[in-house]
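This report concerns only the one structure given below.
The values are calculated or read from the model by the stated rules, or taken from the named source; none is laboratory data. Small disclaimer: the values here were computed from a predicted structure and weren't measured. Note that each Cβ is placed from the backbone with ideal geometry, even for glycine, and that neighbours are counted across all protein chains shown.
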Amino acid sequence: MATIIELLPKEYGFVAIVLVIYCFLNFYMAAQVAIARKRYKVPYPTLYASESQNKDAKLFNCIQRGHQNSLETMPIFFMLMIMGGLKHPSVCAGLGLLHVVSRYFYFTGYATGDPAKRLTLGKFHMLAILGLIVCTISCGRSLLDQPASS
């Protein structure tokens, strides 16, 4: 009997590697938020700093928001990569790398304190997500087109 690994396309390994790279990006962003908490004196469990109480609130909030937004989209990204990669592993891995790189620039742009800078190169993460959606729909369609099992 074949194991699940033997049933997956060889190139699916790229999908797994890209997902791990995104995890490292998430660790980096979390570390930047922790550093900003100390630098701008925003203690836990405060999620966002109040501008009336902290002169650096906007800068901290931009760093926090950049990470938070990435956390909000991470389950969508992971699900699309895992499912779409079953049929289109190389394409999904490439789109996943585009997403990771775009997310890095989204975060670093946001972390400047000017929210508009998050979209300079960060805007391409949505292009990657749209491509992953197409790949996942294609995978689902292929599954539905299979003959019924007896």
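Summary table below
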read-out	value
Test: residue in segment 68-85 that is in a helix (DSSP H, G or I), free of Cβ contacts under 8 Å to residues at least 24 places away in the same chain and crowded, with 17+ Cβ neighbours inside 10 Å	no
Selection status of Glu6, modelled with pLDDT under 95, surrounded by fewer than 11 Cβ atoms within 10 Å (Cβ to Cβ) and either out of contact with any strand residue (DSSP E or B) (no Cβ under 7 Å at 6 or more places or on another chain) or within 15 Å of Thr108 (Cα to Cα) (or both)	yes
Qualifying positions in segment 16-29 - aliphatic (A, V, I, L, M) and under 13 Å from the mean Cα position of the chain (by Cα)	Val18, Leu19, Val20, Ile21, Leu25, Met29
Cross-chain or 6+ apart pairs with Cβ under 9 Å, segment 89-114 first and closer than 17 Å to Cys23 by Cβ, then acidic (Asp, Glu)	Ala93/Glu11
Filtered residues of segment 29-58 (kept if out of contact with any helix residue (DSSP H, G or I) (no Cβ under 8 Å at 6 or more places or on another chain) and modelled with pLDDT under 90)	Thr46, Ser52, Gln53
Every pair of residues 6+ apart whose Cβ atoms lie under 9 Å, when the first sits in segment 117-143 and is more than 19 Å from Pro75 (Cα to Cα) and without any contact (Cβ under 8 Å) to a residue 12 or more places away in the chain while the second is β-branched (Val, Ile, Thr) and buried (at least 17 other Cβ atoms within 10 Å of the Cβ)	Lys117/Thr108
Pairs where the first residue, in segment 10-30, is part of a loop (DSSP other than H, G, I, E, B) and the second is modelled with pLDDT under 95, C-beta under 7 Å, 6+ apart	none
Residues of segment 105-123 that turn out to be surrounded by fewer than 17 Cβ atoms within 10 Å (Cβ to Cβ) and either part of a helix (DSSP H, G or I) or of a type in the set (Lys, Arg) (or both), as a count	4
Per-region count, segment 87-104, residues under 19 Å from Leu7 (Cβ atoms) and crowded, with 20+ Cβ neighbours inside 10 Å	4
